[in-house]
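Quick note: the coordinates plus some simple rules give every number you see, no bench work behind them. What you are looking at is a predicted structure, and each value in this text was computed from that prediction instead of being measured. Glycine gets a Cβ as well: all are built from the backbone with ideal geometry, and neighbour counts include every protein chain shown.
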Amino acid sequence: MSWDPVTTFNLVLSAAICAVGIVGWARVKNALALYIGLAFGLFALSHLATILGKAEALEALLILLHGVGYILIAIAIYKVAFPRKPEN
């Protein structure tokens, strides 16, 4: 197993975005920050598995994690692009 700087960089950034998203949600209770933070937390787990050399053994789980992460991002974008109209 050799060190991959790109995967390490992705892990650090994903973990940082996860932390900012969770802290942002805790401060302002905006679900969008939480969705994005959780999605990047899932991506960080995937990068960590790759760094630890477990990606091949966990391939199905990592596909699921990525899928859920992308769905969370899509939900956040949808909520921004199509906000609910207030009922009168």
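Results, tabulated for the structure shown:
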{"item": "Selected residue [without any contact (Cβ under 8 Å) to a residue 24 or more places away in the chain and either on the phi > 0 side of the Ramachandran plot or within 10 Å of the chain's Cα centre (by Cα) (or both)] from Gly21, Gly41", "result": "Gly21"}
{"item": "Cross-chain or 6+ apart pairs with Cβ under 6 Å, region 68-88 first and outside any loop (DSSP other than H, G, I, E, B), then among the small types (Gly, Ala, Ser)", "result": "Gly69/Ala39; Leu72/Ala39; Ile73/Ala39"}
{"item": "Matching residues, region 30-55, being within 15 Å of Phe9 (Cα to Cα) and assigned to a loop (DSSP other than H, G, I, E, B)", "result": "Leu52"}
